[in-house]
Structures are given as C-alpha cells and as structure tokens.
Amino acid sequence: MTYLAPPLPIKAGLISLLLLLMSACGGDSNNNGINTGVSPGTQTSSQSSWQPYEREQEYSGFTTLPLEYIVLRDGIRLAAHVSLPTDVEGSPVTGPLPVILTQTGYNSSLGAIAAPNAHFIQRGYAHVNVDVRGTGNSEGVWDAWGPIEQEDYAEVMEWVATQSWSNGNVGTWGPSFMAITQLLTARHNHPAHKALFTIVPPGDVYRDITFAGGQINGAFVPAWLYLVTGLSLIPAQENIQDPALFVKLLTEHATNSLIAFQTPTFVGGLTGFDDKAYSTEFWSVRSPLTHIDEITIPTFVLGGLRDIFQRSEPMTYEGLKNNTNAKLLIGPWDHLQGSQGAGLPVDGVPSMDNIALAWFDYYLKGMDNGAEVMPKVTQYLYGEERYAVMEDWPHPQARAERWHLRGDGSLTQTAADAGESANMILQQPVGGICSDSTAQWSAGILGVVPLPCYEDNRVAEALEFTYTSTPMDQDYFINGPIQADLWISTTALDAGVVVRVTDVAPDGVSKQLTSGLLTASARALDSERSRFLDGQMIQPWHLYTKESRETPGLNQIVPINVEIFSTSAVIKEGHALRISVGASDFPRGIPPILDLLDQLAGLLTIYSDAEHPSSVVFPIVPISAIPLASE
C-alpha cells in the first residue's frame, strides 16, 4: 500500500477506537555516531523554556510492505507491518534507516489505532508496527504484558535492528498499550534501543486504574479487554487468503478471551474470588514502576492531569531521571486527548509529533538539535490555564500544608476543637456517576459529549459532604500528590470512600481538580513505600493484599489514609478550596461483589474533632516558582 499525505495516524486511530467502543455499547549494534544519552546516575542540564522544532519532510509518501512474521524462540509468529518512505517513483526506500518500533495489542493490519506515522516516515524513518503475542494477527495466547510477552520484546527488538532496511538504531513510540510495551522493552537495555517516547503510559496497572482504591474500574477495564479481543478477530487481508491460518488465529483468540485471560480476569476481579482482585505478583511483574530502576535509555514521558494513568506518569519520570535523560510533559488531558497531544502547539510548547521528532532526530540520527536539553518538566496549571516549565517533579520547593475538615463544613488550617460535630452520608454505589470522574475514568470516551456536570461538581456533591475554605486572599499553588487522613465509621460491614479536591469559583461553580478512592477494609499501609514531605505522609502505599484486609467493624471509628492522585493547580485569589467526601465513585470504582454487599445501605460518618481530626495534606509550592507567561 502506498500513501500520499495520509491523515495523522493517532488521531485517526483514536476516532476508530471511539467508534468501536460506542458501537459495542541483545543483538549486534553500534552507535553509528548516535547520541546515547547520559551515564546512569547523572542528569543533563535543561533549558528554562521550549524552543520550536520543525523539519521539512524528505519524502512525499510512504508504503507499507506486505505482512511479515517474526518467528520467536518457541515457534510462535508475530505479525509485523513495516512502513518505509517512498522515492519520487513511488518505490520504497530500503535504507538502511533508523527505525521507530510500536508494539501493540490493537491489530496493526487495520492501520487505525496502531498506524504508520507519516510524520516520522516522511522524514527518513522506517516505522514497524508489531502485534504482540495473541493479539491482532499474531499467534499465541495473550496475557497482557506478562513474563512471556516481555521476553518477546527483546526478540522483536533484535529482529528490527538486524533487517536490511534498518541501520540498527531503534526508537520506540506510541500511546497507552504501546507505551507500556516501550517501558517493559527498555528493561532489556538492548544496544539498538536508543530512545523512548511514551505517551500516556501506565506505571502501576493495579493502583493506577484496574483496582484503584481496591475497587475494579467498571468503565475502561471491560471495554479495553474486549476491544483487544474484538480487534484480534479481524483478519489481515493476507490471512483471509489463507483459510487455515485464519481459522487457527480466530480459534486461538476467541478461546483465550473466554477461558484463558480476558473473561476470567474480569469476572474474577468483579467477584473478588480470584487473586487478581488483590495486588499480587501478577500485577507487579506487568507494572513498569516495578522495574523502573533497570531502564537506562533516554525517555520522554507525556501524560495528562485527567488521564487514567494520572497517578503514575510523573512517578515514571521520577523513577527514570537519575538513571537516564528523562523529560516530563503533563497536559490538561484525558486519555483520548493525551494520546493525541491535543491542543499543541500552544504556550511555546511544540506539537507532540515535533517534540517526538526532535527526540528521535537527536538520539537516532545524531542531529545536534538541543533535544537533550529540552525542559525537564512542563506542566499544565489549572487556574492559570496554561503550560509552565517547572524546576522538577516532585517540585523541590514543595512544602506540606495541612487543611482540617471541620464539623461545620468549613476547611481551615486550624485544627478541630473538642466536641465538633461529625457528618453522615448514605453509602450507595452510584456516587459520581455524573461528574468529571465519569469522563476521566472512561478514558475520555464518555466525555466526548460534554455534560454540565463534568465541569461543575455540585451534582456529585449532592450525595457527598463538602468542606470549603474561605476565599483565598492570594494565589495558592498545589503541585504533587495529596493525602486525605480521615476518621470514619460505618453502620455497615465495610465502606467505600471517595475524596474529591475542587476549586470553587466566586459564582459557586465547583471544578474537580483530582480525587482519590479507597475501600476502608483495604486501608493497611506499607509506610516504607509511602511518600513523606516535611515529615508528613503525603502519598500512602496501600498493600491491597488479601492477608492485609481488615473490615472497620460495625460503628467502630478507624483512621484511613486516602491517596489522592497528583495534580498541578493554582487556586486563584477569590476562589475557595473544597474537599468533598462521598461513599462511591461510579463507574471508576465498583467494589467486588462481596465487598459491595458489605457496603450497601450503611451510613458513613466522617469525624472532625480534636480526638479524630480528619484532614488533608497538600504539597504547596510558592507562587513565585511559576514562570511568568512571557518567560
């Protein structure tokens, strides 16, 4: 297939994804003069502002070669689509060229979600899209980034690096699924692997989304599992011409979905009968943050304040920055928006494709373009409603400040007095069904049609209890993870607790900035893995193991520490800070059935007195740390 002026692949892919979901309601390699990053344990200097980067295309079109198969150590064959630029006569340029590798579960033969990126190819790169084991048109059994699949990544990298059209310098690229495969491939530190450009990457697949707070995500997870399944049942054109192979793949993929992985994983998590409902080795081995210290390859991390992987994106950068040259860009995006780098270029930040092009041009082509000194950290700031270059993440000037939930519904920096009243709410499973959480935790799919309740949290707050500060007398800058330390009791056997942080405008509109979720019986912590700031815990690490579960007890007052995912927001002068506490956040969190039965129809009490001082600790950065808009 030969293409001229094709549409941007990621945008087309995400539209295809949306339509599908809605309709379904080390080898030899040398550096070749290439930049290889920094030595482990060192950091490069960085610019204080972004510089524009554009480069004219070298080729007017590209072609995708006929489907090829990569034969693995156990005889399983992975489907690979190789796209090369074409010369003036329309013939493929056979290279050797630097290569962009994308490993996907979304069926590369469709040319949609996993599509050749014309921006790179027409500027002198080969782009290879590979279906991981058991997906698309690849053979085998899919188990979502498991140990066998991770071994495959090294073999794929070796194959790509040694083809005739490859010069042995490989970068990896792609969003979401295609971002986690990059990070897990980088564990191998293959000498051909020169750079990563990870877009909305997962870091901890259990805590980020699958079982955040000990509750299964009811919006994204089932849709995603069966998206991979559905796309894997669509054959490549070449396979239609080979009926035996077509039947073999169809049978393998359908059987895997029903009895091996997808259905058992979701049903087991939803019922709570399976160990996959808990934080076990099954999840940790699939989580890049578990292995982050092993990665020494330069990595760009692009994430979103409303992404489904909001929690881990800055933590991925944090884990990489002392081992290699790492960069972090956080936009105001949900998952769909972040996958496209929506809204860029703006505020001096280049388009996502041009940032990636600069990154690859430096590390794969050896161009002296300054990519290695791009700003270390760039964050979108709610309230300011713009991007700003930051010193680092976590911000080195951050200080812990605690706000107390008072019995009268106020939020103050003064501790509660003895005898202050407690506040009670009904435990029901559908809180937050019309809130910004609905859009965020469906990966942005349910946010495509904007609803007023996505922009104003007062609908969700009707089922919750709110604590609101007086209007700020000066701008107040929150940057980093947040922790709610609550004292609660329940008249049921267990309770779910959601804590939302909102910015309340003078007209009363309550805009959600971030939130956290926790099942009370899953409150046990590992303090050594928790994050502290100024001696105060600010990001709890919950164990989420079967053995650590402990029900709160009927009408027993217990402390819980709710992890509220990282944000960057300025509460402007005249605006107020609000904490809203509820009993559920649907569909973000659905308790396993047995937990749900334990929680139904109870009354949740939040205490606010001197003996039980419920509070929230924030990472506060001086407003002077934000560069002026013109800088």
Just check the stretch 476-549 against the gyration tensor rule for me: Cα atoms, a ≥ b ≥ c as the square roots of the eigenvalues, rounded for a/c under 1.5, and otherwise prolate or oblate depending on whether a/b exceeds b/c. oblate
Expressed in nanometres to one decimal, the distance between label points 7 Å along Cα→Cβ at Leu426 and Val247 is 5.7
Here, the stretch 76-209 modelled as identical Cα point scatterers in vacuum has Debye log10 I(q)/I(0) at q = 0.12 Å⁻¹ of -0.43
Taking placed amide H atoms and a strict 5 Å upper bound, the residues 5 or more places from Leu328 or on another chain that come that close are Val301, Val377, Thr378
Per residue, how much space in cubic angstrom lies within the convex hull of the C-alpha atoms of the chain? 142
Mind giving me the FRET efficiency for Ala629 and Asp368? R0 is 30 Å, r the Cβ-Cβ distance, nearest 0.05 is fine. 0.50
Nitroxide proxy distance, nm - points 7 Å out along Cα→Cβ at Asn322 and Ala505: 4.2
To the nearest 0.05, what FRET efficiency results for Thr414 and Thr255 with a Förster distance of 56 Å applied to their C-beta separation? 0.35
Along each of its three principal axes, how wide is the spread of alpha-carbon positions in the stretch 500-543, in whole angstrom units, largest first? 43, 28, 10
Only helical DSSP H runs with n ≥ 4 go in: add -39500 (n - 2.57) per run for the chain, normalise by residue count and round the 222 nm mean residue ellipticity to 500 deg cm²/dmol. -6000 deg cm²/dmol
What length, rounded to one decimal in nm, is gained on full extension from Gln474 through to Glu611, with 0.36 nm per residue of separation minus their alpha-carbon distance? 46.2 nm
Using the scaling law 2.2 N^0.38 Å as the reference, what is the normalised Cα Rg of the stretch 343-490? 1.45
In terms of the alpha carbon gyration tensor, root eigenvalues a ≥ b ≥ c, rounded if a/c is under 1.5 and otherwise prolate when a/b exceeds b/c or oblate, the stretch 356-431 is prolate
For the stretch 280-433, what is the convex hull volume of the alpha-carbon atoms per residue, in Å³? 199
Looking at the stretch 300-453, send over the antiparallel percent of its DSSP beta bridges, to the nearest 5. 50
Separation in nanometres of the label points that stand 7 Å from Cα toward Cβ, at Ser48 and Thr271: 6.1
Once you have the alpha carbon radius of gyration of the stretch 294-351, what is it after dividing by 2.2 N^0.38 Å, with N set to its residue count? 1.15
Would you compute the Debye intensity of the stretch 136-180 from its alpha-carbon atoms alone, equal scatterers and no solvent, and pass along log10 I(q)/I(0) at q = 0.33 Å⁻¹ to two decimals? -1.18
What number, in nm² with one decimal, is the all-direction average of the projected area of the convex hull of the alpha-carbon atoms of the stretch 531-574? 5.9
With a/c under 1.5 counting as rounded, go ahead and sort the stretch 493-627 into rounded, prolate or oblate using the C-alpha gyration tensor (a ≥ b ≥ c being the square roots of the eigenvalues; past the cut-off, prolate if a/b is larger than b/c, else oblate). prolate
Accessible area in square angstrom per residue, the stretch 191-341, 1.4 angstrom probe: 29
In the full protein assembly as shown, how much of Phe565 is accessible to a 1.4 Å probe, in Å² to the nearest 10? 10
Rh (Kirkwood, all Cα-Cα pairs) for the stretch 197-334, Å, reads 17.0
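For a Förster distance of 25 Å, can you work out the FRET efficiency between the beta-carbons of Thr263 and Ile593, rounded to the nearest 0.05?
That gives a FRET efficiency of 0.95.
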I'd like the projected area of the stretch 265-304, averaged over all directions, using the convex hull of its alpha carbons. Report it in nm² with one decimal. 4.2
Rg(Cα) of the stretch 342-390 divided by 2.2 N^0.38 Å? 1.27
Out of the DSSP beta bridges found with both residues in the chain, what percent are antiparallel (nearest 5)? 70
Amide H partners (placed H, <5 Å) of Gly174, local residues excluded: Phe197, Ile199
Could you tell me the accessible area of Asp74 in Å² (1.4 Å probe, neighbours in place), rounded to the nearest ten? 80
Probe 1.4 Å - accessible area at Lys376, Å² to nearest ten: 40
Lysine pairs within the chain, Cα separation less than 24 Å, 8 or more sequence positions apart or different chains: 12
Once the mean 1/r over all distinct Cα pairs of the stretch 569-631 is inverted, what Kirkwood radius in angstroms do you read off? 16.4
Regression test value, accessible area per residue of the stretch 572-631, probe 1.4 Å, units Å², expected 37
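The values are calculated or read from the model by the stated rules, or taken from the named source; none is laboratory data. Just so you know, these numbers come straight off a predicted model, no measurement behind them. Every residue, glycine as well, gets a Cβ built from its backbone with ideal geometry; the counts of neighbours run over all protein chains shown. Side chains included, ligands, DNA and RNA excluded: accessible areas come from the protein's heavy atoms. Shrake-Rupley method; radii C 1.70, N 1.55, O 1.52, S 1.80 Å.
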